[in-house]
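Every number here is computed from the coordinates shown, using simple stated rules; none is lab data. Keep in mind that this is a model prediction, so the values were computed, not measured. A quick note on method: Cβ atoms are made from the backbone with ideal geometry, for glycine too, and the neighbour counts reach across all protein chains shown.
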Amino acid sequence: MTATDDAIELEAERLLRSLMHVDCDPHGKTWNLATCRAIAPLTLEINRLKAERDAVILAHSYLEPEIIYGVADFRGDSYFLSMKAREVRAKVILFAGVVFMAETAKILSPEATVIVPDRGSGCSLADSLTGDQLRRLKSLYPDATVVCYINSTADVKAESDVCVTSGNVYHIVEHLPARRILFVPDRLMGDNLRAEMKRRGADKEIITSDGTCMVHDQFSPADIAEARERYPGLKVVAHPECPPAVAAAADFVGSTGAMMKYVKNSGAPYYLMLTECGLVGRLQVESPEKAFIGGCRLCPYMKLNSLEKVRDALKAPRPDQIITLDEGVRRRAAHCIDRMFELSPTD
Ligand code: SF4
């Protein structure tokens, strides 16, 4: 066996230790030593390129498991990865996720070259509202404080007063001095926000635009009722991008990070995860003793990422893979995100 063969074998064994637990792979792949061996040369090459280019890879939890566990330096939800984008001191940040997330990394780390594996990795939610459309909406509600969900473009962030994530939206909006809130671009999260403010006794008028996440808006209370009947003791875990009727019927509603924490710390016999399937893959790796009953959905934008595209972007990024922003837009968007860090709960 040559040294290269040894390295490939060791890498395949490393990959297998994580990937062997994943049984909801988006491409129906079964992870065993042979499939890990097949991708090992690529993960070795990517990890070598990272060192050569002084690059870090940030990967969203919805990505394919071979990216998350094979080559990512940091994995998590939007809030966690935004903090990492602000902290890392690398020359290159490769954002394996979707374009608005890479824009956020560029806003927070302007000196770094920020690259994406596939420029077509949009988002039904972020792409539902442009900066121009938000300017027109603001003119209709001039007294409103504009709150944007982090799933929005840099132009929309630049037009907003404060950014939020699914993990801090309730806390931040509750504590804003304004009564009237223009919340963009997620109508369903806005509906959940309205209900939560009412439950907390906070006097807020929530006005929304009309975007939705094409993954989370698909779930229905009927999915939950059917699953509960088949799996006694089931816990239903939902993301606040789901419709309010789904959120109301779930046992727990929270951000991607909070959903993971809830599952890891509870002892139910089965879980129904009303979110993107990548998160179920992460939980299968990190909590292999838990049982998931399926029902998750795929985001086609997230699935545009692949190890080959990550390798090619690191090797020689094409102009369309490099994120560039107008400096005025970047500064105003950075201010909106900095407000979020200031107003986020500390625990
Ligand atoms: S899961 Fe939804 S919010 Fe996330 S990138 Fe896909 S479409 Fe956008």
Just to verify a number: FRET efficiency for E286 and D6, C-beta to C-beta distance, R0 = 41 Å, to 0.05? 0.90
Listed peptides 36-42, 201-207 by packing density, highest first (mean Cβ within 10 Å): 36-42, 201-207
Taking the square root of 5λ for each eigenvalue of the C-alpha gyration tensor of the range 126-211, the equivalent ellipsoid has semi-axes, largest first and in whole angstrom, of 19, 13, 11
What is the extension gain from E308 to R17, computed as 0.36 nm multiplied by their sequence separation minus the C-alpha to C-alpha distance, in nm to one decimal? 102.6 nm
Under the span-like rule (Cα at least 27 Å along the axis, Kyte-Doolittle mean at least -1.0), DSSP H helices of the chain: 33-53
Roughly what would the spin-label model give for M83 and I322, points 7 Å off Cα along C-beta, in nm? 3.1 nm
Compare the peptides 103-111, 82-90 by average per-residue count of other Cβ atoms within 10 angstrom and give them in order, highest first. 103-111, 82-90
Rg from C-alpha atoms of the range 216-286, normalised by the globular rule of thumb 2.2 N^0.38 Å, equals 1.01
Rounded to the nearest 0.05, what FRET efficiency is calculated for E174 and N47 with R0 set to 45 Å and r the Cβ-Cβ distance? 0.55
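Just to check, using Stokes-Einstein with a Kirkwood Rh over alpha carbon pairs, what's the diffusion coefficient of the range 57-154 at 37 °C and 0.692 mPa s in µm²/s? Each step should come with its number before you reach the end.
Numbers: Rh = 14.4 Å.
This corresponds to a translational diffusion coefficient of 228 µm²/s.
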Taking the Cβ of A334 as the center, what net charge do the other residues with Cβ under 14 Å away carry, scoring Lys and Arg +1 and Asp and Glu -1? -2
Could you work out the equivalent-ellipsoid semi-axes for the chain, taking the square root of 5 times each eigenvalue of the Cα gyration tensor, largest first, in whole Å? 34, 27, 15
For the range 216-268 and the range 29-97, what is the separation of their C-alpha centers, rounded to whole Å? 28 Å
